[in-house]
Structure formats: C-alpha cells, structure tokens
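One structure below.
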Amino acid sequence: MAFTNLLATSNAVKVDGVSFSSFSGKRNHHFLARRLSLTSHSHSRVTRVQTNCCYHETSLKAVTPFKTEIKSDSDGIGIVRFLKGKSYFVTGATGFLAKVLIEKLLRGSPEIGKIFLLIKSKDQESANKRLYDEIISSDLFKHLKQMHGSSYEDFMKSKLIPVIGDIGAENLGIESETSDKITKEIDVIISCGGRTTFDDRYDSALSVNALGPGRLLSFGKECKKLKLFLHVSTAFVTGKKEGTVVETPLTPLCIGENDTSDLDIESELKLASEAVRNFHGREETKKLKELGIERAQSYGWENTYTFTKAMGETVIHSKRGDMPVVIMRPSIIESSYKEPFPGWLQGIRMSAPFILAYGKDQISHMWGDYQASFDVIPVDMVANAAIAAMAKHGCGNVSELNVYNVTSSSHANPLSVGELMDFSRQHLPKQEREMMNNGEGEAESHTALSRKGKRKLYYFVSLARTYQPYAFFQARFDDANTRSLIKELSMEERKMFDFDVGGIEWEDYIVNVHLPGLKREFLQE
C-alpha cells in the first residue's frame, strides 16, 4: 500500500508540516503496526511481557498481578452515607464524563441534595431546554426512568438545577443574585468542564483549561459549607515523560519534561492576544492552533490540550489556599464497562476515529508501536473512582491536595496498541465496514482517484499527528493511590462503585462492549 511505501522510503517525506523518515537500519520498536493474527489470546495473556518505562527497552521482568484486599467491615469509606443530603456544583455538565457521574450520583443515592449544573446558555428557557434535551431525555438515564416511572421527570427536575454561566467568563458568568443563593447550599464542586480538542485555538484553551479552574476556585471560596473541590484533569498533564509517572501534584516549577521555570501564564495569554489582533478569519483560527501546538511542544507537551490542562493544575496548586482538593487524572476515557449499561458512549471521540479509520479501510496500516500500552479506562470506572475519592476526602475539611491516576497501563495486562487494532479489524464484519464506507469504494475516474488519494493521505497525516503520543506511548502511570482507595472499600461498596481496572479482560471489553457501543453511536450520527 502507498502509505507503507511512503513511510518506508530512505528519504524523509514531509506532508502538511509532518515529517516521516525511514526506520530502516535501526533497532527500534517504532514501525507501522500491521494487522497480525491473534489466534491464541487466552494463552498469550498468561505469558505476555509488559513493555514499559523506556523508549528503547522492553522490560522482561515479571509483573505481579494486583490483588485487592477487601475490607471485612460493612462500612468501608461510607460512600452512600456521605452522598446523602449533599449538594453539588458541576461544570461540563452535558459532557461525556459529567453525565455518567450525574447518573451514578442520582442512582447510587436518590436522597442526595441538589445538583447545580453550570450550563452555557443565553437565557433560562434555553438552559432548561438543554437540560431536558441533553440530560433528562438521554438514554443514559433509562435505569432511573425505570426506577421512578411516571415521576421520573419530576424527580430529575427537583434534583438537577441549571445555572446559566460559562467557565471561560469572569465570575463564571453567573448573575450575582443566583450566586448568592447557590453558594449557601453547595457541599462539593466537581470540575469537569474543559476544552478537549488536542489542537484547539490557544486563546480558547488558555481561557477555559488554564484559567477556568482559578475562576472555579474563587467561586468555591464563596461557598459557605464547601467540603471538597474535585477537579478532573488528565493523566497526560505530565508531558513527554517516560518510565513510571507517579501521582504527585504539579507545581509551577516542576511540570513536563523541560525546565519550565520560565513558564508564565500571563505571558502566554499576551502571545495569544497578539495573535488574535494580528490575524483574522480562517487565518486567525489556523495561526492560533499552530501557536498552541508550538508553545506546548516547546515546553515538553505533545498538544495544546494537555499543556493547558497542566497549567490549570498549577493554578489550583497555587491558589487553593486551605481548600481541600482532589485531582482525578484519568487516561483515555472510553465507553462504559458496566454502568448504567455496557458500551454507552457520547460522540465519535478519543480512540474512535483511530478505530473507525482502520476498520473502514480508510487507512491500511496505522503508525504506532505494536507493543506499546494504549492506556484506556471505561467512563463508569472514572465516575466511581471520583465518587469514592469525594467520600474519602470530603468529610474532614483537611487542607490537602490528593492526586489519583485512574489508568490501566501499570496493571499486569495492559491493552496494547496492536491488540486494539487487531480486535477492531477482526470484529468489524465486512458488511458493516461496507455500510460505514457509504459507497466510497465505487469506481471513479483517474482524476477523482487522485483527489481521493490526496484526501486519504492528508487524513492519515492528521491521524498520525493526533495519535502519535498514544500510539507510541513509552510510559506507565503509577496508580498506587487509586489502588489504596480500592482497598478501603467494603464488599458492598466494591459492588456498587467498582473501579478496579485490574479485573478487565481487554478482548472482551473491546469486542463485546466498546465496539458495539461505538457502532451504535456511529450509526446514530
């Protein structure tokens, strides 16, 4: 195939600013990952070794499976007791993770207080409509509909209170009268809002991801009975690090791979503002995206998203004062494992373009390290881990900052890039691939084929640029804090709030849970 030949030539090829060079003559893990037959999955999972830590080394050291000690007492952390009667303020409320978290809060503890949802909207009527259309009517909440029957909508409207605002605006864009009312009721702030595009406009990403947490902290300091500030970040805030990445807070002078003592958010804001003044229209967006990537990579990050999320963590660290803070760092969040039902997904996101392009034959090979870990975590496990962390740290008003990596790469059998691709290819039947292609395989003229080939090439380049950090992942996220949290759960809590990723059998999850969910979402869109 042309892509293989293109990347295997001895001369470097540059397309749209991305250089592809020859890999010949070098002993290196990096290559075009081809579809390999995995005919003995169950046996290979027993004997496989873990590739981790180093860029050019493979660890042959045996990995000891993590054994969870289950608490014998019936109380554990006391999650249900903590949730009862508490009120919450949630940003990013209509997003993928926040919706799953909201559903679990309501289903796990129907006696919780109110959940105030920050919703960007022009007026209250529009906010109410978004609440109904994007949350109350969502199939995600079908178990709650069954639980409450004809009183479902009344129950949801009594618990979910839309608050007009914007994480990117001063004072969160909340009217002072509304703010005065709700700050008297809020016990826990859950920060799920953020811009998740990897190559986002730099000014927009800075405003929301870097400065948004500071605005939310200021709001939190006005909450009279606040017990905890929980912020959802990403495991990849640590930048281009290799080896073991531990669960420690980022500080302004110690983030990323490079020496970032000269990193100043105000200076970055000025750079972005100058770009806005100097460029207009499509050129403005293009230049601001390029600026974000350039600044991120100069400081040791792969993309604008992880770079600005790292800035957001340092803002929390420097401005929290004596506020109790928990930072959750999930890796690549994918479809639900079990709750409220397997395979729920919102949007073609995260690894979905990677899987679909490969499964649909839009690309014949994918650029990646076949043995590298592809660190994914089901969305319901992230939500459960967040709830458990809230209950553990939201009781004592202790002025501390705790970090939890909710990840899978440090476990005995992490999902590899090669497995993800092979499972996807083998279990997307031919007729489904043809349906997804929408007739793209029909005969075309020579000129049309040339245009199509060029589009295909540029799409490949786009995917390669986006997924390169994850397809060549040369680190593993230590999750000792998360494992310790699991140990504190009672048997009943482990059943209700499971987030033990060590129990996932990856082929079963990808083939029987994730791909069916992805196909449903694709066909809906």
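Structure above, values below:
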| item | result |
| --- | --- |
| Residue satisfying condition, being closer than 29 Å to residue 142 by Cβ and out of contact with any Asp or Glu (no Cβ under 8 Å at 6 or more places or on another chain), within set 310, 391 | 391 |
| Residue that is surrounded by the most Cβ atoms within 10 Å (Cβ to Cβ) [pool: residues in the range 346-398 that are modelled with pLDDT of 80 or more and aromatic (Phe, Trp, Tyr)] | 374 |
| Hits in the range 477-525 (condition: assigned to a helix (DSSP H, G or I), in contact with a Gly (Cβ under 6 Å, 6 or more places away or on another chain) and among the small types (Gly, Ala, Ser)) | 517 |
| Yes/no for residue 493 being more than 30 Å from residue 294 (Cβ to Cβ), in contact with a helix residue (DSSP H, G or I) (Cβ under 9 Å, 6 or more places away or on another chain), open to solvent by less than 20 Å² (accessible area, probe 1.4 Å) and of a type outside the set (A, V, I, L, M) | yes |
| Selection count, the range 111-170, where residues are under 21 Å from residue 95 (Cβ atoms), of a type in the set (S, T, N, Q) and open to solvent by less than 60 Å² (accessible area, probe 1.4 Å) | 4 |
| Hey, residue 321 at pLDDT below 95, under 28 Å from residue 227 (Cα atoms) and not hydroxyl-bearing (Ser, Thr, Tyr) or not | yes |
| So residue 100, is it of a type in the set (A, V, I, L, M, F, W, C), buried (at least 21 other Cβ atoms within 10 Å of the Cβ) and in contact with a Cys (Cβ under 7 Å, 6 or more places away or on another chain) | no |
| Per-region count, the range 278-335, residues surrounded by fewer than 24 Cβ atoms within 10 Å (Cβ to Cβ), of a type in the set (S, T, N, Q) and in contact with a Pro (Cβ under 7 Å, 6 or more places away or on another chain) | 2 |
| Any hit, the range 197-205, residues being out of contact with any helix residue (DSSP H, G or I) (no Cβ under 6 Å at 6 or more places or on another chain) and at pLDDT below 95 | yes |
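One line per residue, one yes/no per condition, for (1) at pLDDT below 90; (2) open to solvent by 50 Å² or more (accessible area, probe 1.4 Å); (3) closer than 25 Å to residue 380 by Cα:
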residue: 415; (1), (2), (3): no, no, yes
residue: 427; (1), (2), (3): yes, yes, yes
residue: 435; (1), (2), (3): yes, yes, no
residue: 455; (1), (2), (3): yes, yes, no
residue: 460; (1), (2), (3): yes, no, no
residue: 467; (1), (2), (3): yes, no, yes
residue: 474; (1), (2), (3): yes, no, no
residue: 498; (1), (2), (3): no, no, yes
residue: 524; (1), (2), (3): yes, yes, yes
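The values are calculated or read from the model by the stated rules, or taken from the named source; none is laboratory data. Bear in mind that the values here come from a model prediction, so they are computed numbers and not experimental data. Glycine gets a Cβ as well: all are built from the backbone with ideal geometry, and neighbour counts include every protein chain shown. Calculation scope for accessible area: heavy atoms of the full protein, side chains included, ligands and nucleic acids excluded. Shrake-Rupley method; radii C 1.70, N 1.55, O 1.52, S 1.80 Å.
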